[in-house]
Amino acid sequence: MSIRSRFPIFEKKTYLNSCSYGALSIEVRDAYNRYLDDWNDNGSDWDRWVGFYESARAAFAGLINANPEEVAVTFCASDGVNAIASALDYSGPRKKIVVSDFEFPTVAQIWHAQERRGAEVCHVPECDGRIPLELYEHAIDEQTLIVSIASVCYWNGSKQDVRAIVDLAHSRGALVMVDAYQGLGAFPIDVRALDADFLVGGTLKYLLSSAGTAMLYVRSQLIERLMPTCSGWFAQRDINAMDIHANNPAPSARRFESGTPPVANIYAALAGVGLIQSWGLETIETHVAELTRALKDRIREEGFKLATPPEDDAHGAMIAVKVRDERAIVEHLARDGIVTSSRHGNLRISPHIYNNLDDIERLFESIARSRQYMA
Ligand SMILES: Cc1ncc(COP(=O)(O)O)c(C=O)c1O
């Protein structure tokens with residue numbers, strides 16, 4: 001069975017919106033059905049479900065070259081950022097949080113929420129679709145507690161040089177949180193190679209699962225130094241302790257979790273991540289790069305304006321084009337059965353392993369009939 005035929009949506013639509021939500025595979029649908037069958041057949045099956053939750057932790061760790069003890073299984077990326085934000089101390093001389101203008105709103109909003117606790121948030125501006133390292137050099141100083149960066153920007157696809165930013169931040173004594181949501185599942189990500197302190201991501205986009213499960217990586221040396229003020233029974237050293245007189249956090253990254261894991265979504269996450277691992281991230285990256293190159297060529301030929309930096313290594317799987325009316329173009333394409341999305345005045349086109357060059361041809365045939373919406 002071909003990769004594409006595992007995603008029945010392609011029988012009806014040209015799906016180019018993995019930056020928003022991955023397409024549903026037969027395997028992920030089967031996983032949800034299996035959950036319902038297991039629930040129906042066995043009732044509460046906690047031993048098995050907790051086993052799956054630990055398998056998800058191991059699968060997430062494997063994806064980013066971390067140890068399972070360094071990974072918290074969360075409900076969404078915001079949960080992971082909130083847990084770390086809650087554990088940091090903003091009362092000392094280091095109270096500055098450096099946030100890039102490429103952040104997804106949830107991340108920046110969580111850092112701003114720490115202002116009540118003494119944090120000072122400083123934004124690194126974007127400049128013509130990129131953030132040069134000099135701007136980080138300017139922003140990160142000896143008062144900086146943490147630098148929060150998206151590895152790939154959700155509105156123009158720009159890929160940041162995470163390792164260079166991490167090295168800079170570390171040289172000034174600051175921690176780094178990487179939001180890898182727009183990269184996970186689209187290309188290899190290695191927390192050791194990046195030297196990141198924290199990394200968040202989730203399963204609903206290029207990891208091909210669905211909403212409800214996400215992950216937080218915390219560098220092992222930092223775990224026991226951080227005491228989150230969000231907690232819960234699944235964050236305890238002994239989940240079954242049932243002690244209402246104390247909070248006794250786990251020595252692993254599980255201390256950044258809270259309550260009952262999202263069991264149904266974990267079935268789906270294991271199936272989605274399993275597919276990604278079976279194809280291999282290098283294979284996915286190579287395939288997607290062929291499609292993004294074709295997209296950029298067509299955009300140039302048609303005289304449209306790229307919002308994404310054009311160099312192959314300067315963007316992720318999503319290519320953004322400047323448009324005059326983002327709503328109108330997305331609706332026009334949807335009428336032709338082509339699923340895309342838009343942000344910040346850009347049409348977002350985000351191929352994955354299941355797309356092919358014919359999808360790109362169909363997209364441009366449809367755009368040709370709606371040129372008035374293009375910038
Ligand atoms: C870069 C990035 N970070 C985070 C999120 C979502 O975060 P959460 O899982 O908290 O909704 C998204 C998209 O939904 C995203 O594109």
If S86 satisfies every condition in (1) buried (at least 20 other Cβ atoms within 10 Å of the Cβ); (2) under 26 Å from M215 (Cβ atoms) but one, which is the exception? (1)
Looking only at the stretch 20-59, count how many residues are of a type in the set (A, V, I, L, M, F, W, C), open to solvent by less than 60 Å² (accessible area, probe 1.4 Å) and in contact with a helix residue (DSSP H, G or I) (Cβ under 7 Å, 6 or more places away or on another chain). 9
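Counting just the residues of the stretch 295-309 that are without any contact (Cβ under 8 Å) to a residue 24 or more places away in the chain and in contact with a strand residue (DSSP E or B) (Cβ under 8 Å, 6 or more places away or on another chain), which one comes out most open to solvent (accessible area, probe 1.4 Å)? Give the steps one after another, and end with the answer.
Of the stretch 295-309, the ones without any contact (Cβ under 8 Å) to a residue 24 or more places away in the chain are 296-297, 299-301, 303, 306.
Of the ones still in play, those that are also in contact with a strand residue (DSSP E or B) (Cβ under 8 Å, 6 or more places away or on another chain) are 296, 299-300, 306.
On the way: K296: 5, I299: 1, R300: 133, L306: 42 Å².
The qualifying residue most open to solvent (accessible area, probe 1.4 Å) is R300.
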Can you name the helices (runs of 4 or more DSSP H) wholly within the stretch 41-158 that have at least 1 residues being without any contact (Cβ under 8 Å) to a residue 12 or more places away in the chain and within 15 Å of the ligand (Cβ to nearest atom)? 105-113
Among the numbered conditions (1) farther than 15 Å from E54 by Cβ; (2) touching a residue at least 12 places away in the same chain (Cβ under 8 Å); (3) open to solvent by 50 Å² or more (accessible area, probe 1.4 Å), tell me where T260 comes up short. (1)
Set A268, A196, A246: member being within 16 Å of the ligand (Cβ to nearest atom) and free of Cβ contacts under 8 Å to residues at least 60 places away in the same chain: A196
So in the stretch 175-188, with the set limited to residues that are hydrophobic (A, V, I, L, M, F, W, C) and surrounded by fewer than 24 Cβ atoms within 10 Å (Cβ to Cβ), which one is farthest from the ligand (Cβ to nearest atom)? L175
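State whether one or more residues within the stretch 162-170 are touching a helix residue (DSSP H, G or I) at 6+ places or on another chain (Cβ under 7 Å) and part of a loop (DSSP other than H, G, I, E, B).
Step one: of the stretch 162-170, the residues touching a helix residue (DSSP H, G or I) at 6+ places or on another chain (Cβ under 7 Å) are 162-166, 168.
Imposing the further condition that a residue be part of a loop (DSSP other than H, G, I, E, B) reduces the set to none.
The answer is no, given that none of the residues of the stretch 162-170 is touching a helix residue (DSSP H, G or I) at 6+ places or on another chain (Cβ under 7 Å) and part of a loop (DSSP other than H, G, I, E, B).
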Of D312, D325, D238, which residue is under 30 Å from W155 (Cβ atoms) and free of Cβ contacts under 8 Å to residues at least 24 places away in the same chain? D312
Over the stretch 7-40, the set of residues under 23 Å from the mean Cα position of the chain (by Cα) and in a helix (DSSP H, G or I) is I9, I26, E27, V28, R29, A31, Y32
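Could you grab me the full set of residues in the stretch 339-359 that are touching a residue at least 24 places away in the same chain (Cβ under 8 Å), outside any loop (DSSP other than H, G, I, E, B) and either closer than 14 Å to S18 by Cα or of a type in the set (K, R) (or both)?
To start, the set of residues in the stretch 339-359 that are touching a residue at least 24 places away in the same chain (Cβ under 8 Å) comprises 339-341, 343-357, 359.
Within this subset, residues satisfying the condition of being outside any loop (DSSP other than H, G, I, E, B) are 339, 341, 343, 346-350, 357, 359.
Correct list: V339, S341, R343, L347, R348, I349, S350, D359.
If you take the residues in the stretch 203-238 that are hydrophobic (A, V, I, L, M, F, W, C) and in contact with a Phe, Trp or Tyr (Cβ under 6 Å, 6 or more places away or on another chain), which one is farthest from the ligand (Cβ to nearest atom)?
From the stretch 203-238, those hydrophobic (A, V, I, L, M, F, W, C) are 204, 207-208, 211, 214-216, 218, 222-223, 226-227, 230, 233-235; that's our starting set.
Restricting the remaining residues to those that are in contact with a Phe, Trp or Tyr (Cβ under 6 Å, 6 or more places away or on another chain) gives 204, 215-216, 218.
Details: L204: 7, M215: 10, L216: 11, V218: 17 Å.
Among residues in the stretch 203-238 that are hydrophobic (A, V, I, L, M, F, W, C) and in contact with a Phe, Trp or Tyr (Cβ under 6 Å, 6 or more places away or on another chain), the one farthest from the ligand (Cβ to nearest atom) is V218.
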Enumeration of residues in the stretch 189-211 that are of a type in the set (A, V, I, L, M, F, W, C) and open to solvent by 20 Å² or more (accessible area, probe 1.4 Å): A193, L194, L204, A211
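The values are calculated or read from the model by the stated rules, or taken from the named source; none is laboratory data. Every value quoted in this text rests on a predicted model; they were computed, and no experiment measured them. Every residue, glycine as well, gets a Cβ built from its backbone with ideal geometry; the counts of neighbours run over all protein chains shown. To get the accessible areas, we keep the full protein, side chains included, count just its heavy atoms, and leave off ligands, DNA and RNA. Shrake-Rupley method; radii C 1.70, N 1.55, O 1.52, S 1.80 Å.
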